[in-house]
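K.L.:
Before anything else, here's the structure in question.
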Amino acid sequence: MRRVAVTALLALATLLGLTTPAMAHNVLVSSDPADGATLDSAPESVTLTFDQSVQDVGNQIAVTGPEGGQWTDGDVQVRGNIVTVGLRPLGPAGEYTIGYRILSADGHPVQGEVTFTMSQAGSGTSAPGDSGAGQSATTAPPAGSTATAPTRAAPSAEGDSSGLPVWVWVVGGVVLLAAGLTVALRMGRDQE
Ligand SMILES: [Cu+2]
């Protein structure tokens, strides 16, 4: 009867072991500029480094200045786990917010923010027409929005798996374990 409990434990361990890496979203490891950095000269680009490869589909980085303008220049580039975007020459001193939304290796979008502060004003001006159609693609979407994600970035499989949150797997594992132990205990009692 011990063997049944051991089998149940092994099954649970296997289940968690196999599913945990596949379900883990990308995590931002570092950035340049670093989060919270104070700079006296403007960076020419933003680099975000993640712990896993980023899928090169529909990634967005928006850099919002202290007065609200947008400061990215050009398209977002992906190289493995590194995502970069160019910057216009920066303008006013103050806090800039790097908002990102990238497509995780597991197919889920991951978004977050990094801020840095310019201690001295530059001579640049923010991108014109912040509300224009051309700029909306580089503006960070509101939390929870999928409207701006390209359709390719939202395959039905993504919706399916995101509809099955981690707690379902955890509860499933616990139920499996409990069932295994119950069977093991019952069998033990029957034999004694
Ligand atoms: Cu995920």
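K.L.:
Can you give the Kirkwood hydrodynamic radius of region 61-120 from its Cα pairs, in Å with one decimal?
P.N.:
Every distinct Cα pair counted, the radius reaches 12.4 Å.
K.L.:
May I ask you to derive the relative contact order of region 23-86, considering only C-alpha pairs under 8 Å and at least 6 residues apart, and to give it as an integer percent?
P.N.:
Worked out over region 23-86, it gives 33 percent.
K.L.:
Students sometimes get this wrong: rank Arg101, Arg186 by accessible area, probe 1.4 Å, all chains present, largest first.
P.N.:
These residues rank, largest area first, as Arg186, Arg101.
K.L.:
I would also like to ask the following. Based on the mean of other beta carbon atoms within 10 Å per residue, what is the order of 50-61, 78-89, most packed first?
P.N.:
Top to bottom by mean Cβ count within 10 Å: 50-61, 78-89.
The values are calculated or read from the model by the stated rules, or taken from the named source; none is laboratory data. The model shown is predicted, which means the values in this text are computed figures rather than measured ones. Cβ atoms come from the backbone with ideal geometry, glycine included; neighbour counts cover every protein chain shown. All accessible areas refer to the heavy atoms of the entire protein, side chains included, with ligands and DNA or RNA removed. Shrake-Rupley method; radii C 1.70, N 1.55, O 1.52, S 1.80 Å.
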